[in-house]
Amino acid sequence: MKSTNDIHALRRLWKQCFDADTAFLDLFLGKGFSLCRTYVLEEDSEIVSALSVMPIRYHGHLGGYIYGVCTSPRHRGHRYAVSLLQQVEEHCRRHEGMDFFILRPASGGLFDYYRRQGYTHNIFRNRRTVDLPTVPEDTCPCTLTGLALHKIRRDYYYDSGLFEWSPTLCDYILEYIKYCKGAAFSLHGTYLLGYPNPDNPEQFICEEAGISEESLPHLLSAIRQSFPSCTKALFNLAQSNAKEEFMLCKTFGDFIEGNPLFSFTME
């Protein structure tokens, strides 16, 4: 997609398919769009299906995060999205050198749908709710830049198996956090990305963090200090014994082993 008309058409399609407000569409089409490749399927010169691929790495392997898969409501039932996905995978393998793809199904019912398309490697997570301190310690978190986020993620998780965003995509993730009215900071050698739950203002959703028994109290205090109305924090944890299905992966090699750490994803 290159022309202004194409971008306007994609905006209209997303409005039909997703619960996306104007601010989010402005963010993605204004900043995220240039960091990924967006592919469309047309019928009679009309865009009827689309998806984007964000580049991502895993232990030196180049892959793609499949994002924004959608089909116009009045064109569903013709397997347009499946056809587009297959063509995109083949193109990215042949011309971009990608040998794995990950995606996050938008609902539980879509896991089986994507498994039928070859996304058979499960990526699990655990979720843990923690009370925030009533009287937090005084903390001085440092605001993250994209480059700093890229480095601290590598330092903290690379040896454990990390889906790795580039520094420029980390910049975009930080913009997404701002859109969610959240926070992204480093503190005492660790870090945190998260935002208040829009459906429950007393809960802070921590999408990703460097968590240890030593760092957790500092992170909890920093959350309460930054968001005084929040009383609980919900942490998404990637662990070897995780149980909740979170993402799916499709590979064209044998390099995926165990349960790779999930990557921050924009819902």
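So Asn5 fits all but one of (1) more than 27 Å from Leu174 (Cβ to Cβ); (2) open to solvent by 50 Å² or more (accessible area, probe 1.4 Å); (3) part of a strand (DSSP E or B); what number is the exception?
(3)
Please work out which one of (1) surrounded by 15 or more Cβ atoms within 10 Å (Cβ to Cβ); (2) within 22 Å of Phe111 (Cα to Cα); (3) over 17 Å from the mean Cα position of the chain (by Cα); (4) not charged (D, E, K, R) is the condition Ile47 fails and give its number.
For Ile47, the exception is condition (2).
Identify, from the list Gly118, Gly108, the residue that is assigned to a loop (DSSP other than H, G, I, E, B), within 19 Å of the chain's Cα centre (by Cα) and either more than 30 Å from Ile47 (Cβ to Cβ) or not polar (S, T, N, Q) (or both).
When all the criteria are applied, what remains is Gly108.
Considering only residues of region 210-224 that are touching a strand residue (DSSP E or B) at 6+ places or on another chain (Cβ under 8 Å) and small (Gly, Ala, Ser), which is modelled with the lowest pLDDT? Lay out the reasoning, then the answer.
Start the filter on region 210-224 by keeping residues that are touching a strand residue (DSSP E or B) at 6+ places or on another chain (Cβ under 8 Å), which leaves 210-212, 215-216, 218-220, 222-223.
From what's left, small (Gly, Ala, Ser): 210, 212, 215, 222.
Details: Gly210: 87, Ser212: 83, Ser215: 90, Ala222: 97.
The residue in question is Ser212.
Identify, please: which residue in region 74-97 is modelled with pLDDT under 95 and of a type outside the set (D, E, K, R) and is, among those, least open to solvent (accessible area, probe 1.4 Å)?
His75
Would you point out the residue of region 127-162, among those that are surrounded by 15 or more Cβ atoms within 10 Å (Cβ to Cβ) and polar (S, T, N, Q), that is nearest to Gly63 (Cα to Cα)?
Looking at residues that are surrounded by 15 or more Cβ atoms within 10 Å (Cβ to Cβ) and polar (S, T, N, Q), I get Thr145.
Among the residues of region 178-237, write down those that are without any contact (Cβ under 8 Å) to a residue 24 or more places away in the chain, touching a Pro at 6+ places or on another chain (Cβ under 8 Å) and within 17 Å of Cys142 (Cβ to Cβ).
Gly182
Could you list, in sequence order, all residues of region 105-126 that are within 24 Å of Ala209 (Cα to Cα), among the small types (Gly, Ala, Ser) and either in contact with a Lys or Arg (Cβ under 6 Å, 6 or more places away or on another chain) or open to solvent by less than 60 Å² (accessible area, probe 1.4 Å) (or both)?
Hit for region 105-126 is Ser107, nothing else.
Residues that are in contact (Cβ under 8 Å) with a residue 40 or more places away in the chain, in contact with a Gly (Cβ under 8 Å, 6 or more places away or on another chain) and at negative phi, at least 3 per element: which strands (runs of 3 or more DSSP E) completely within region 36-97 meet that? Spell out the reasoning first.
Numbers: elements: 37-43, 46-58, 61-71.
Output list reads 46-58.
Between a first residue in region 141-157 that is without any contact (Cβ under 8 Å) to a residue 12 or more places away in the chain and a second residue that is open to solvent by 80 Å² or more (accessible area, probe 1.4 Å), which pairs have beta carbons less than 6 Å apart while being 6 or more apart in sequence or on different chains?
Qualifying pairs under 6 Å: none.
Given the structure, is Ile102 modelled with pLDDT under 90, open to solvent by less than 20 Å² (accessible area, probe 1.4 Å) and of a type in the set (A, V, I, L, M)?
The answer is no for Ile102.
The values are calculated or read from the model by the stated rules, or taken from the named source; none is laboratory data. On a predicted model such as this, the values are computed, not experimentally measured, just so you know. When we count neighbours, we look across all protein chains shown, and the Cβ atoms used for this are built from the backbone with ideal geometry, even at glycine. To get the accessible areas, we keep the full protein, side chains included, count just its heavy atoms, and leave off ligands, DNA and RNA. Shrake-Rupley method; radii C 1.70, N 1.55, O 1.52, S 1.80 Å.
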